[in-house]
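Report on the following structure.
The values are calculated or read from the model by the stated rules, or taken from the named source; none is laboratory data. Here the structure is a predicted model, which is why all the values come from computation and not from measurement. Neighbour counts are summed over all protein chains in view; Cβ atoms, including those assigned to glycine, are modelled from backbone coordinates with ideal geometry. Keep in mind that these areas ignore ligands, DNA and RNA; they rest on the heavy atoms of the full protein, side chains included. Shrake-Rupley method; radii C 1.70, N 1.55, O 1.52, S 1.80 Å.
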Amino acid sequence: MKVLVTGGAGFLGSFVVRELLEAGHEPVVLDIHAPAAGGTRVPFVQGGIEDVDLLLGTVERHAVDRVIHLAG
């Protein structure tokens with residue numbers, strides 16, 4: 001399953017992304033900050049959740065099935 005994780009580059013988000021990978025899912029990260037070094041195993045979109053066009057475009061482009069919202 002493809003899962004969009006908003007705030008996925010942060011402390012909690014990066015943990016959730018690792019857990020999703022271990023469970024066999026395909027996470028996609030949307031965050032205003034770039035992921036830490038080594039965080040390139042998943043697709044990353046830089047931007048904020050307030051950019052509705054970017055958010056909806058990311059969901060459509062990556063064929064996201066679920067969203068885990070952790071962005072502040």
Can you spot a residue in the stretch 3-12 that is over 11 Å from the mean Cα position of the chain (by Cα) and open to solvent by 80 Å² or more (accessible area, probe 1.4 Å)? yes
Among residues of the stretch 3-20 being in a strand (DSSP E or B) and not polar (S, T, N, Q), the residue farthest from Gly72 (Cα to Cα) is Val3
Given the conditions (1) modelled with pLDDT under 95; (2) more than 14 Å from Ala9 (Cβ to Cβ), every one holds for Ala37 apart from (2)
Counting just the residues of the stretch 55-72 that are aliphatic (A, V, I, L, M) and open to solvent by less than 40 Å² (accessible area, probe 1.4 Å), which one comes out modelled with the lowest pLDDT? Ala71
Which ranges mark the strands (runs of 3 or more DSSP E) fully within the stretch 21-72 that have 3 or more residues being touching a residue at least 60 places away in the same chain (Cβ under 8 Å), more than 15 Å from Gly7 (Cβ to Cβ) and in contact with a strand residue (DSSP E or B) (Cβ under 7 Å, 6 or more places away or on another chain)? none
